[in-house]
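Note sheet for the following structure.
The values are calculated or read from the model by the stated rules, or taken from the named source; none is laboratory data. Since the model is a prediction, treat every value here as computed from it, not as a measurement. Note: ideal-geometry Cβ built from the backbone for every residue, glycine included; neighbour counts use all protein chains shown.
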Amino acid sequence: MDDHPTHGSEQGSEADHPEEACGVFGVLVASEDEQASFAVFDGLYALQHRGQESAGIAAVDDGRITVVKDLGLVASVFDEATLRALRGRLAIGHTRYATAGDRGWENAQPLLHDHAGAQIAVAHNGNLTDPPQTPAPNGRIPSDTERIAAAVAEALGSATTPAAVAEAVAHALAPLHGAFSLVMTDGQHLIAARDRHGFRPLCVGRFPDGGWVVASETPALDVVGASFEREVDPGEVLVIGDDAQASSSLPGPHFQHLCVFEFVYFARPDAKLLGREVHGTRRRMGEHLARVAPVEADMVMGVPDSGIPAAEGYALASGIPYGQGLVKNRYIGRTFINPGAAQRRQAIRRKLNALEDNVRGKRLVVVDDSIVRGATTRQLVALLRQAGAAEVHLRISSPPYRWPCYYGIDTPSRPELIASRLSVDEIAQELGADSLAYLPLAHLRDAVGVTHGCCDACLTGAYPETVSEAAAAGAGSR
């Protein structure tokens with residue numbers, strides 16, 4: 001479901017979920033006759049859900065990097081003529097979700113950085129949690145991606161072999177903290193890197209003819225015909241060249257702290273994370289939820305789209321019939337107004353409509369993945385009641401969302417999080433629901449199947465890294 005929140009709460013939005021930041025993709029094709037830009041376009045299309053504000057591709061032709069990027073969806077930024085002009089066998093791309101204060105073209109990625117005659121292009125998913133030590137020459141605070149690009153460009157120096165490049169990139173990234181899944185190119189190599197905790201996903205695939213792909217999620221490998229090889233390890237730098245590849249590691253301990261909300265909401269249902277298909281994981285969440293939070297009802301329904309697999313699992317485990325209660329308009333884009341109550345209500349009307357014949361007179365179990373602020377969920381409950389629902393019982397396939405995320409997810413400040421200030425019963429009353437229940441943390445971990453391999457700080461307040469005051473204030477910018 002969609003009261004997509006942001007730091008500073010300026011975003012005019014439609015979702016009651018935390019919002020993803022970005023998708024990254026990179027390709028090195030084997031054949032001289034192929035253009036990598038077309039594969040990157042397809043990969044970005046498969047990652048469109050991870051960012052809808054801007055899209056960009058950086059392509060390498062004869063050692064020089066050309067970047068095309070703009071505000072908008074992938075299909076609106078690129079046409080065939082634009083892709084044909086992006087020549088070369090090596091290219092990277094980016095889809096971006098922007099916070100309220102940085103939606104301009106200049107913040108679109110990939111970011112191209114020149115240093116001493118050399119170039120580096122960077123596509124970044126994540127958020128750094130340590131503030132920059134020095135401002136940019138113009139006095140402006142550099143974005144996270146600018147900091148990464150400058151550090152990597154300076155460290156590369158005269159490095160030319162994959163091994164030397166890997167060591168240089170690892171050295172450049174070593175002082176940085178927070179979340180970063182990176183796809184980069186220096187004009188010769190395809191470079192991938194992850195932070196020490198692996199907060200954001202990143203995987204590697206291979207074409208049948210020997211070319212290579214790096215992507216945020218596995219469906220982006222599938223769409224270009226590449227087979228999954230492995231995930232980039234936390235703290236790893238992987239450099240792929242025409243004739244060789246090399247890997248290096250950031251200094252210090254490495255952990256597996258993939259964001260648990262990749263399983264709950266962010267990733268595509270057909271994605272595989274840590275060897276587990278997301279759709280099946282979400283169904284298991286629903287099955288657990290039915291066991292711990294049963295209720296007498298006539299129909300189970302999911303909130304499109306991310307609530308549907310959990311609703312299917314709830315129906316399966318409870319024996320209550322599953323049905324469709326809402327229709328989603330799939331052609332509604334994001335809005336950028338500062339929403340008042342009237343605008344929020346209209347946003348819901350544009351996006352969702354009730355199937356009156358299916359819900360009238362019925363006691364409904366309405367399954368969704370999360371509640372962040374609660375405004376959209378409140379309107380959704382009202383919409384179902386207006387359609388004639390006799391009872392509305394909310395069931396949420398994750399625990400209460402009580403703490404902000406500082407690792408690449410756009411969330412409100414803690415006072416704006418409804419579960420941080422109200423009890424479950426108070427939230428139910430606030431939303432107008434007959435009852436409300438969340439999936440307990442232990443059951444979420446069991447459904448995911450990774451007891452200690454995920455970051456769930458937004459649910460527990462136990463952050464894997466110390467967060468600086470600047471990051472906690474939302475000062476960072478991708």
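Observations on the structure shown:
- On the stretch given as region 243-277, residues that are surrounded by 16 or more Cβ atoms within 10 Å (Cβ to Cβ), under 25 Å from GLY210 (Cβ atoms) and among the charged types (D, E, K, R) total 1.
- Residue in region 165-174 that is surrounded by the fewest Cβ atoms within 10 Å (Cβ to Cβ), counting only those that are in a helix (DSSP H, G or I) and in contact (Cβ under 8 Å) with a residue 40 or more places away in the chain: GLU167
- Residues of region 425-457 classified as within 13 Å of PHE263 (Cα to Cα) and part of a helix (DSSP H, G or I), total: 5
- Among residues of region 274-301, those that are within 19 Å of the chain's Cα centre (by Cα), touching a residue at least 12 places away in the same chain (Cβ under 8 Å) and in a strand (DSSP E or B), counted: 1
- Verdict on PRO234 being surrounded by 19 or more Cβ atoms within 10 Å (Cβ to Cβ), part of a loop (DSSP other than H, G, I, E, B) and without any contact (Cβ under 8 Å) to a residue 60 or more places away in the chain: yes
- The set of residues in region 207-223 being under 22 Å from the mean Cα position of the chain (by Cα) and surrounded by fewer than 22 Cβ atoms within 10 Å (Cβ to Cβ) consists of PRO219, ASP222, VAL223.
- Subset of region 175-193 [more than 14 Å from VAL122 (Cβ to Cβ) and part of a strand (DSSP E or B)]: GLY178, ALA179
- Yes/no for GLU296 being buried (at least 19 other Cβ atoms within 10 Å of the Cβ) and either in the same structural domain as ASP233 (by TED's automatic domain parsing) or acidic (Asp, Glu) (or both): no
- One residue from ALA151, ALA121 being at pLDDT 95 or above, over 19 Å from GLY26 (Cα atoms) and buried (at least 19 other Cβ atoms within 10 Å of the Cβ): ALA151
- Summed over region 410-439, residues that are more than 15 Å from LEU394 (Cα to Cα) and either among the basic types (Lys, Arg) or in contact with a His (Cβ under 9 Å, 6 or more places away or on another chain) (or both) total 6.
- Checklist (1) under 22 Å from ASP186 (Cβ atoms); (2) of a type in the set (S, T, N, Q); (3) at pLDDT below 95; (4) assigned to a strand (DSSP E or B) applied to ASN127, failing item: (1)
- Restricting region 397-420 to residues that are in a loop (DSSP other than H, G, I, E, B) and touching a Lys or Arg at 6+ places or on another chain (Cβ under 8 Å), the residue that is modelled with the lowest pLDDT: PRO412
- Residue within region 192-199 that is buried (at least 19 other Cβ atoms within 10 Å of the Cβ), under 28 Å from SER31 (Cβ atoms) and assigned by TED's automatic domain parsing to the domain that holds SER249 present: yes
- ALA36 being buried (at least 24 other Cβ atoms within 10 Å of the Cβ) and modelled with pLDDT of 95 or more: yes
- Hey, VAL214 within 25 Å of VAL67 (Cα to Cα) and touching a Lys or Arg at 6+ places or on another chain (Cβ under 8 Å) or not: no
- Test: residue in region 345-356 that is outside the structural domain of SER54 (by TED's automatic domain parsing), buried (at least 18 other Cβ atoms within 10 Å of the Cβ), in contact with a strand residue (DSSP E or B) (Cβ under 7 Å, 6 or more places away or on another chain) and of a type in the set (D, E, K, R): yes
- Just so you know, in region 237-272 the residues that are of a type in the set (Ser, Thr, Tyr) and either more than 19 Å from PHE25 (Cα to Cα) or not in a strand (DSSP E or B) (or both) include one that is modelled with the lowest pLDDT, and it is TYR265.
- Taken over region 351-396, residues that are modelled with pLDDT under 95, among the charged types (D, E, K, R) and in a loop (DSSP other than H, G, I, E, B) amount to 1.
- Residue, modelled with the lowest pLDDT, within region 312-343, restricted to residues that are part of a helix (DSSP H, G or I) and surrounded by fewer than 20 Cβ atoms within 10 Å (Cβ to Cβ): ALA341
- Applying a threshold of 8 Å to beta carbon distances and a minimum spacing of six or more residues, or different chains, the list of pairs starting in region 409-420 at a residue that is under 19 Å from TYR438 (Cα atoms) and ending at one that is part of a helix (DSSP H, G or I) and among the charged types (D, E, K, R) reads ILE418/GLU430; SER420/ARG414.
- Candidate set: region 57-98, residues that are among the small types (Gly, Ala, Ser) and within 20 Å of the chain's Cα centre (by Cα); chosen: the one farthest from PHE180 (Cα to Cα): ALA75
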